[in-house]
Structures are given as C-alpha cells and as structure tokens.
Amino acid sequence: MNKAYKFRIYPNKEQETLLAKTFGSVRFIYNRMLGDKMKHYEQTKENLKTTPAAYKSEFEWLKEVDSLALANAQLHLEAAYKNFFRDKSTGFPKFKSRHKNHNSYTTNLVNGNIKLSGGYLKLPKLGGVKVKQHRQVPKEYRLKSVTVSRTPSGKHYASILCEYEEAICSVEPKEVIGLDYSMKELYISSDGKSAEYPGYYRKMQEKLKKEQRKLSNCEKGSNNRNKQRLKVAKLHERAANQRKDFLHKTARQIANAADAVSVEDLNMKGMSKSMKFGKSVSDNGWGMFVSMLSYKLGEQGKQLVKINKWFPSSKICSACGMKKEELALSERIYLCSCGNILDRDINAAINIKNEGMRMLGIA
C-alpha cells in the first residue's frame, strides 16, 4: 500500500533559484515534447517516441536540473496521451502555461538520492532542504518518490510517497450510513445529522472581492501588483486549507463511526459549471470529501459504496417504497400516501443507505 506525507520545506536562496529553474525545465520539456508529438503525428500519422535526453544536446541548461524530474514529465505526458485515446472526455493534453503560479515536479528514489532525517530532506541536485516535519514516517515505510510544489503564495511543499505492507482485515458491514449531498451543509446523513459546513470561501468573499479589485487596478509587471497578487493568493490558500482541514476531520469521524458508507456517484465537475450552483459546489468540496472518505475507510478494511447517480433517491418513499413520478425542488418535505412525513433530504439519505445495503448484499 502507498501513503503520502506532505511537509512544508524552506529552501535557501540558492535552492529556491534551482527549484524555479527545475519547475521551468519540467514545463519546457513537457511542452516541447507535446509540440513535437503533434507535428510528427500531422506529418506521419504515427506516435513519436522520444525522451528528455534527446533535447539535452540542443538545450544544455537541461543538464543542470534533476534528470528524474524531466523523465517524470515524459511519463505524465504519455499518461495524458493514453487517457485521451482511452476516454475522449478527458480532453487532449494541453500545453502548460508559464504564467501559472502553481508549479510542481516529481523525482524518484534511486541509490539513496532522497533521504529524510534530522529536520532536512535530501533531494537530487538541491542537497539538504530544511523541512517542517509535523509527524514521523514509520521506519518500516519505504520511500518511493517526492513531489515538490510551490503554491501561488510562494510556499514550498514536499509530498513524500511511501510504500508499506500491512494486512488489512475486511470489516463486516453492520453499521451502514447513507449520505445525501447538500450544497449548504455538505451532506445530510440517514440518521438525520448534517456536516454543517461553514462555507469558508463564502465567508471570505467580501474580503477577496476588495483585494481582487485592488489587484485589477495595479499596473502589470509592477512590484505593487506582485505584492497584491500574493495577498489574494494567501486569502485563497487560507480558505482552501480551512476547507481541507474540515473535510479531513469530518471524513475521519464518519470512517471511525461506520462500517460502510453509501453515497451517490455524482458528476461534481459538471455541477461546478452551473451558473446558479457552481460557486456553492466548488466551495464545499464534495468530490474531495468522498476521496478522503474512500481511503480513510479503506485503511480500516471498510467500504465506500457509490450508487448510480440516476437512482431516484429523492422520489422514493423510504417507508413503503412507492415512487413519486414528479417532485419539485421546492418541496422540502416528503409526503407519502402511506403516512410517511419526512424531510426530503433525510428521506433521500435513507434511500441511499438502503440501496447501498442492497449492493452490499445485506438488505
């Protein structure tokens, strides 16, 4: 099994310069290889197979950065190609913009070139970089790779991927919870509880609007604009960190309390494009929450069940099973001829739980 540990790193000026050069080199080699592949295919209708080494004689400055970082850029490009030809909906690989303020590269462990000890992370070409290690990595874990990233606010992080062997015993699903997605509360559970999501982006929206207006009035390329850009980036980063912290803690509570969790397999990417609900969908981070819930349950031998998004959870009576053909979105109370009167979302959550139990074979 694999597990990642993310730590903040503090490179010195020389290391920071080399990191910036590595980010740029990785972006350059990705774009150059993508462009050459596209030209070659137009001329021959065949896929061009090349490596970063083929470009080093022409661009000697590529030799100054970590070769494994360039090799991983090639692997990422090949993966993007395969994903496109396997599933056209993923879209054709795009060129990476130099104007994006979030950069990253991945390097692999080879012959002890990466080591974490004594408050420093040894990385290829960079040497020992000071790291803020807030938790210990177990000694039996084998380090595989490190992804170094720089956020728009200028902070650097290292995500350390480790491999370990552990026998996970499957848990018999006795306690099952159904979660119905809610834009306001994040979810409503089958036992009537809600996450009561604070809406961090919404709370910061007015302040963001004020700072973004200042940014738009700054002259492009000026120091004042760069300072203001950092202010805006830090506000976005703060909201994102608050969101992740809330989702991690909420997912952990559910994973500890239930043996299995049932949710709808929703298309969050499509919902986020909605003019009416897009901002709320993006703010609560349901897709991220489900991903966290999945691996936290998996670590304990528990299950996450995803039911079909077309399952009419809101229209079915959770008491008698009768389905309403029409149910307006404005109807927040579910009324059934059998006498069942229930909050619409709680009724849907119970139906999601029941469908999950049926899929698990315990209904």
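Of note:
- Test: residue in the stretch 187-198 that is more than 29 Å from LYS3 (Cα to Cα), in contact with a helix residue (DSSP H, G or I) (Cβ under 8 Å, 6 or more places away or on another chain), of a type in the set (Gly, Ala, Ser) and crowded, with 17+ Cβ neighbours inside 10 Å: yes
- Condition check for MET183 on (1) more than 30 Å from SER318 (Cα to Cα); (2) hydrophobic (A, V, I, L, M, F, W, C); (3) under 20 Å from the mean Cα position of the chain (by Cα): one failure, at (1).
- Which listed residue is farther than 30 Å from SER314 by Cα, among the β-branched types (Val, Ile, Thr) and more than 26 Å from the chain's Cα centre (by Cα), from VAL146, VAL131, VAL110: VAL110
- Positions within the stretch 2-46 being touching a helix residue (DSSP H, G or I) at 6+ places or on another chain (Cβ under 9 Å) and loosely packed, with under 12 Cβ neighbours inside 10 Å, in sequence order: GLU46
- Residue within the stretch 318-335 that is of a type in the set (D, E, K, R) and in contact (Cβ under 8 Å) with a residue 40 or more places away in the chain present: no
A quick yes/no check of all residues on (1) farther than 30 Å from VAL232 by Cβ; (2) among the aromatic types (Phe, Trp, Tyr):
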position	(1), (2)
ALA54	yes, no
GLU60	yes, no
PHE84	yes, yes
HIS99	no, no
SER104	no, no
ASN108	yes, no
GLY118	yes, no
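- When ASN241 is tested against (1) without any contact (Cβ under 8 Å) to a residue 12 or more places away in the chain; (2) over 30 Å from LYS302 (Cβ atoms); (3) in a helix (DSSP H, G or I), just one condition goes unmet, and that condition is (2).
- Looking across the stretch 256-272, the residues that are among the polar types (S, T, N, Q) and more than 22 Å from GLN300 (Cα to Cα) come down to ASN267, SER272.
Okay, residues lined up against (1) assigned by TED's automatic domain parsing to the domain that holds PRO152; (2) at pLDDT below 90; (3) farther than 25 Å from LYS144 by Cβ; (4) in contact with a Cys (Cβ under 6 Å, 6 or more places away or on another chain):
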{"position": "ALA54", "(1), (2), (3), (4)": "yes, no, yes, no"}
{"position": "TYR81", "(1), (2), (3), (4)": "yes, yes, no, no"}
{"position": "LEU109", "(1), (2), (3), (4)": "yes, no, no, no"}
{"position": "ILE114", "(1), (2), (3), (4)": "yes, no, no, no"}
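- Flag for LEU179 being over 30 Å from GLN133 (Cα atoms) and assigned to a strand (DSSP E or B): yes
- On inspection, GLU140 does not qualify as part of a loop (DSSP other than H, G, I, E, B), closer than 30 Å to LYS353 by Cα, in contact (Cβ under 8 Å) with a residue 24 or more places away in the chain and not hydroxyl-bearing (Ser, Thr, Tyr).
- The condition of being more than 20 Å from the chain's Cα centre (by Cα), not assigned by TED's automatic domain parsing to the domain that holds ARG150 and not in a helix (DSSP H, G or I) holds for SER262.
The values are calculated or read from the model by the stated rules, or taken from the named source; none is laboratory data. Just so it is clear, the structure is predicted and the values come from calculations on it, not from any experiment. Neighbour counts run over all protein chains shown; Cβ positions are idealised from the backbone, glycine included.
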